[in-house]
Amino acid sequence: ETGVTQTPRHLVMGMTNKKSLKCEQHLGHNAMYWYKQSAKKPLELMFVYSLEERVENNSVPSRFSPECPNSSHLFLHLHTLQPEDSALYLCASSQDVAGWSGEQYFGPGTRLTVT
Amino acid sequence: GDSVTQMEGPVTLSEEAFLTINCTYTATGYPSLFWYVQYPGEGLQLLLKATKADDKGSNKGFEATYRKETTSFHLEKGSVQVSDSAVYFCALTLSGGSYIPTFGRGTSLIVHP
């Protein structure tokens, strides 16, 4: 148990559906992250939030829409996805985004399948 | 730019064998170095870290030494167990600089009884 929870753990959705992934951290951290992990590919950073402000958007398609209502919660809203978006989506948190040693705490991930 | 290179897997070992997973890095400043582990069906967990040259990180029988002269941070364990089967990621961040961790591609370890 890392102190970062994600729901749902598994999600199957059609290309026309709209769904949301939720992440919650219980560590009092100020920064939260979304990563995409696909088979045979490096870990891809998608978004970074610091104190509810987005500080990084790594050329992610607009069909992925993040939301950070407070420093403990992070959402990823999904709509009109493509089959190649099927992957494990990992949420992580850290104490801050600058001036720290760099360790992150990850949730267990949401396994997304787009049909 | 900054980068981390790990040996390609999978690494397949018998129980109680010695493990080495190589990791080398390229960085413009003075990085902190990390090993993360991902067990099947789970997210990444920090395994160990080292924040300056010659530091040795250790945890659960795993060790890695920050070697500035060879820009390496190889992961070692003297006697692996079946429960060590997982994917291992080497990563770096730049102290006081970029807050975005740079991860290696991961190395899968399979330990047979």
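The values are calculated or read from the model by the stated rules, or taken from the named source; none is laboratory data. Because the structure is a prediction, the values reported are computed rather than measured. Heads up, the Cβs are rebuilt from the backbone with ideal geometry, glycines too, and the neighbour counts pull from every protein chain shown. Note: areas computed on protein heavy atoms with side chains; ligands, DNA, RNA excluded. Shrake-Rupley method; radii C 1.70, N 1.55, O 1.52, S 1.80 Å.
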Leaving ligands, DNA and RNA out of it, work out the accessible area of A:HIS26 with a 1.4 Å probe and give it in Å² to the nearest 10.
-> 110 Å²
Solvent-accessible area of B:ARG67 with every protein chain in place, 1.4 Å probe, in Å² to the nearest 10 | 100 Å²
Using a 1.4 angstrom probe on the protein heavy atoms only, line up A:LYS18, B:LYS49 by accessible area, largest first.
-> A:LYS18, B:LYS49
Rounded if a/c is under 1.5, else prolate if a/b is larger than b/c, else oblate: which is chain B, with a ≥ b ≥ c the root eigenvalues of its Cα gyration tensor?
-> prolate
How much solvent-accessible surface does B:THR70 expose, in Å² to the nearest 10, with a 1.4 Å probe and all protein chains in place?
-> 80 Å²
Gyration tensor verdict on the stretch B:34-74 (Cα atoms; rounded if a/c is under 1.5, prolate if a/b is larger than b/c, oblate otherwise) = prolate
Residue order for A:THR115, B:THR107 - accessible surface, 1.4 angstrom probe, largest first = A:THR115, B:THR107
The stretch B:12-113, relative contact order in percent, only Cα pairs under 8 angstrom and at least six apart counted | 35 percent
Which length gain, in nm to one decimal place, applies between A:ARG111 and A:LYS41 when the Cα-Cα distance is subtracted from 0.36 nm times their residue separation?
-> 23.7 nm
With +1 on the Cβ of every Lys and Arg and -1 on the Cβ of every Asp and Glu, the dipole magnitude of the protein assembly as shown about its Cα centre, in debye rounded to the nearest 20, is 460 debye
At a 1.4 Å probe radius, which order do A:SER59, A:SER94, A:SER20 fall into by accessible area, largest first?
-> A:SER59, A:SER20, A:SER94
Normalised contact order of chain A, rounded percent, pairs of Cα under 8 Å and 6 or more residues apart = 37 percent
Considering only DSSP states other than H, G, I, E and B, which chymotrypsin sites (Phe, Trp or Tyr not before Pro) in the stretch B:13-61 qualify as loop sites with at most 16 other Cβ atoms within 10 Å?
-> B:PHE18
Which residue fluctuates the most in chain A, going by a Gaussian network model with Cα springs under 10 Å, if the choices are A:VAL48, A:VAL97, A:VAL12?
-> A:VAL12
Counting partner chain Cβ atoms within 10 Å of every residue's Cβ in B:40-53, what's the average?
-> 4
Could you pull out the pairs from A:LYS18/B:LYS49; A:LYS40/B:LYS49; A:LYS19/A:LYS41; A:LYS19/B:LYS60; A:LYS19/A:LYS40 whose alpha carbons sit more than 28 Å apart here?
-> A:LYS18/B:LYS49; A:LYS19/B:LYS60
First select every other residue whose beta carbon is under 13 angstrom from the beta carbon of A:SER94; then total the charges, Lys and Arg +1, Asp and Glu -1.
-> -2
For the stretch B:1-86, the percent of accessible surface on carbon and sulfur atoms (probe 1.4 angstrom, ligands and nucleic acids excluded) is 47 percent
How big is the gap, in Å, between the Cα center of the stretch A:25-58 and the Cα center of the stretch B:55-113?
-> 21 Å
Top positive-direction residue, dipole computed over the protein assembly as shown with Cβ charges, set A:LEU76, B:GLN81, B:LEU46 | A:LEU76
Answer rounded, prolate or oblate for chain A, using the Cα gyration tensor with square roots of eigenvalues a ≥ b ≥ c: rounded when a/c is under 1.5, else prolate when a/b is larger than b/c, else oblate.
-> prolate
Förster radius 41 Å - calculated FRET efficiency between A:HIS26 and B:GLU76, Cβ distance, rounded to 0.05 | 0.80
Among GluC sites (Glu not before Pro) in the stretch A:1-91, those in a DSSP loop whose Cβ has at most 14 other Cβ atoms within 10 Å are A:GLU1
